[in-house]
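Visitor: The structure is given below, and queries will be raised subsequently.
Any read-out appearing in this document is the output of simple, stated calculations on the displayed coordinates, not a laboratory observation. Every value quoted in this text rests on a predicted model; they were computed, and no experiment measured them. Positions of Cβ are generated from backbone atoms using ideal geometry, with glycine treated the same way; all protein chains shown enter the neighbour counts.
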Amino acid sequence: MIVGVPGSGKSTLARFLGERFSLPVFHMDQTHWKEDWVERSNVDKILMALAVEAADAWVFEGGMSSTYKSPSRVRMY
């Protein structure tokens, strides 16, 4: 998981790591927003974030603090 302030290079780093290690890359903006910048419900966002975390390996750009206590968090490298 890559977290930081806007404009700090999170997306660039996520793309680099995804390519370098052949990992799927997920961006919080894709989880947060539907088409045409319509915000998803908190329940939908949490379910999407947990689905990403359940995968064996990933790069997640952004953060969702409501999932920080998830047991899968310990699987990050």
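Visitor: Report the calculated FRET efficiency for R15 and A57 (r = Cβ-Cβ distance, R0 = 25 Å), to the nearest 0.05. Kindly include the intermediate steps, with their values, before the conclusion.
Guide: Values: r = 16 Å, r/R0 = 0.62.
Efficiency computed from Cβ-Cβ geometry: 0.95.
Visitor: Related question: Got a sec to turn the phi values of the stretch 45-56 into Karplus ³J(HN,Hα) couplings, 6.51 cos²θ - 1.76 cosθ + 1.60 with θ = phi - 60°, whole Hz, x for Gly and Pro?
Guide: Couplings: 4, 5, 4, 5, 5, 5, 5, 5, 4, 6, 5, 5 Hz.
Visitor: Also, quick follow-up: Grab the alpha carbons of the stretch 10-65, take their convex hull, and tell me the volume per residue in Å³. Walk me through the numbers before you get to the answer.
Guide: Values: hull volume 4.6 nm³, N = 56.
Hull volume over Cα atoms, normalised by residue count, gives 81 Å³.
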